Each structure stands twice: as structure tokens, then as C-alpha cells.
Amino acid sequence: MLSRLAIAALLVIAGTACKHNKHANTTVRHRAMFDFSCSEAELNLTVLDTEGARNMASQIAVHGCGQKAVYAYYPDSDTWLLDGAVTPMPADYRVPPHVTKGKGKKREDKKAAKAEKHGKMGSTEPAPVEPAATTPPAAPAPDPL
């Protein structure tokens, strides 16, 4: 009974985050269309930061039409606002990767931070072993007799 309740709660939480992120993409895309004077098809969105256990998007980068900007989510007013200004995109601009850390990666990061805080080694991976240098076998020494 308790496990069914926990599963139901997890599904509701996951659905909330999914709905938030979908709504975020729609809202940010429409605001960026206005701010960039750009069509919807020319805009690309990248999640830069997430918050909470539900991985709800809190910062989204938008680039398109030779411009870029960041939109931040303000939960108190439940709105997305332009964070800074729309700036020209440099020729060497690289699109930032989406922030998608799985549970395993987050857990590793947490363990590493905790270990570092307590003065232990941060990584539990073994140190890489370099192969031993191979030298040809030495010729046997002549018998002195």
C-alpha cells in the first residue's frame, strides 16, 4: 500500500516537472520571438540550469537570427524574464550543452564534494596505470671460468 502511494507521488512530481519544462519552452520561445524579432523556426533553446529534485528548468539560453540571450525563471511571480540583454552572436559561438545530469552523475558529484569536504580523495576511480616500459632482455653474462 505504501509503495503504491510512493509511486503515485513520484508520477505526480515527474508530471509536474515535465509540464513546467514544456510550458517554459513555449513561454520563452514566444518572448524570444518578440525580443529577437525572429521567427519561431529560427530560434534554438538550450536548458542551462535546473533546480530541485524534479529538474525544473530555471535558465534557458536562446540563440537565433545572429543573436543570443538568457531567460531566467522567477518562481515567486511564475514567469520567465530576459536575464541581461539580447546580444549579437559572435562568429565562434558554440551552443552550450543541455544540462541533463542523471541520478548516477548527481550522486557521484555529491559523493565527490562530500569526500573533498572531509579531506578524502574526491574520486573513487582507480588511478590510471601506465604500461611498463618494455626493454629487450639483457644478454647473459659470460661465465668467468
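The values are calculated or read from the model by the stated rules, or taken from the named source; none is laboratory data. Because the structure is predicted, anything quoted here is derived from the model rather than measured. Glycine also receives a Cβ, built like all others from the backbone with ideal geometry; neighbour counts cover every protein chain displayed.
Miscellaneous remarks
- Scope the stretch 41-80; condition of a type in the set (A, V, I, L, M) and surrounded by fewer than 11 Cβ atoms within 10 Å (Cβ to Cβ); matching residues: A41, A53
- Breaking point among (1) in contact with a helix residue (DSSP H, G or I) (Cβ under 8 Å, 6 or more places away or on another chain); (2) loosely packed, with under 13 Cβ neighbours inside 10 Å, for A85: (1)
- Filter pass, S123 being among the hydroxyl-bearing types (S, T, Y), out of contact with any Gly (no Cβ under 6 Å at 6 or more places or on another chain) and at pLDDT below 85: yes
- Residue in the stretch 89-113 that is modelled with the lowest pLDDT, counting only those that are part of a loop (DSSP other than H, G, I, E, B) and farther than 18 Å from K68 by Cα: G102
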